[in-house]
Amino acid sequence: MTLSSESAVQLSLKQYTSIISSLPLAKETSAIVNRIIRYIREAKLKPDLVFYTALIDYYAKRALLDQTLEIYQAMLSDNIKPNVVTYAKSGHLETGKVFRSMHRVGIFPNIAQMRLWIFRRDAKKGHKTRSAHEFRTDSEHN
């Protein structure tokens, strides 16, 4: 099956989202993502929160900051409000900026979500932090 708006089989937004989410980490896959974005526009499909979050995750995992921010701005322009998952997928951003941005759009994560997010971010960067178990144990007492 080809990824083409001209093909006999038209893919749904959900199928395109699944393709993006399953792509390997190689930066060479950017051409595939660019084609998917073009096909979605040609098919006049309306991107949703899940699609935008998949794109943000795709670009953030590859440290493509400009593209990540471009997708984030497009999402806001389409009046789609990011959620906690969207921000978690953009883990390359400075923690303070992420949480300030979340508050501006009315998302208020609980302390357990914040601690787990910071733990995962620091672990990706190779920083030594308390274990995820310690974070969960602390949050149970809050």
> Inside region 41-84, can you point out the residues that are over 21 Å from Ser22 (Cβ atoms) and part of a loop (DSSP other than H, G, I, E, B)?
Replying inline: Lys44, Lys46, Asp78, Asn79, Ile80, Lys81, Pro82, Asn83
> Considering only region 23-40, how many residues are part of a helix (DSSP H, G or I) and either farther than 23 Å from Ile80 by Cα or in contact with a helix residue (DSSP H, G or I) (Cβ under 9 Å, 6 or more places away or on another chain) (or both)?
Replying inline: 11
>> Cβ-Cβ under 6 Å, sequence separation 6+ or interchain: first residue in region 73-85 and closer than 13 Å to Ile56 by Cα, partner β-branched (Val, Ile, Thr) and part of a helix (DSSP H, G or I). Which pairs?
In response: Val85/Thr53
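Residue by residue through region 20-55, note down the ones that are among the small types (Gly, Ala, Ser) and free of Cβ contacts under 8 Å to residues at least 24 places away in the same chain.
Result: Ser22, Ala26, Ala31.
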>> Only one of Ile37, Ile32 is more than 30 Å from Gly106 (Cβ to Cβ), modelled with pLDDT of 90 or more and of a type in the set (A, V, I, L, M, F, W, C). Can you tell me which?
In response: Ile32
> If a residue has to be crowded, with 23+ Cβ neighbours inside 10 Å and farther than 14 Å from Val85 by Cβ to count, how many in region 43-57 make the cut?
Replying inline: 0
> Can you tell me which residue in region 5-25 is modelled with the highest pLDDT, limited to those that are loosely packed, with under 14 Cβ neighbours inside 10 Å and over 17 Å from the mean Cα position of the chain (by Cα)?
Replying inline: Ser12
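Residue by residue through region 61-93, note down the ones that are among the polar types (S, T, N, Q), closer than 14 Å to Asp48 by Cα and touching a helix residue (DSSP H, G or I) at 6+ places or on another chain (Cβ under 6 Å).
At the first step, the residues of region 61-93 found to be among the polar types (S, T, N, Q) are 67-68, 73, 77, 79, 83, 86, 90.
Add one more test, that the residue is closer than 14 Å to Asp48 by Cα, and what stays is 73, 77, 79, 83, 86.
Within region 61-93, Thr86 is the sole residue that qualifies.
The values are calculated or read from the model by the stated rules, or taken from the named source; none is laboratory data. Computed from a predicted structure; not experimentally measured. Here the Cβ is made from the backbone with ideal geometry for all residues, glycine too, and neighbour counts use every protein chain on show.
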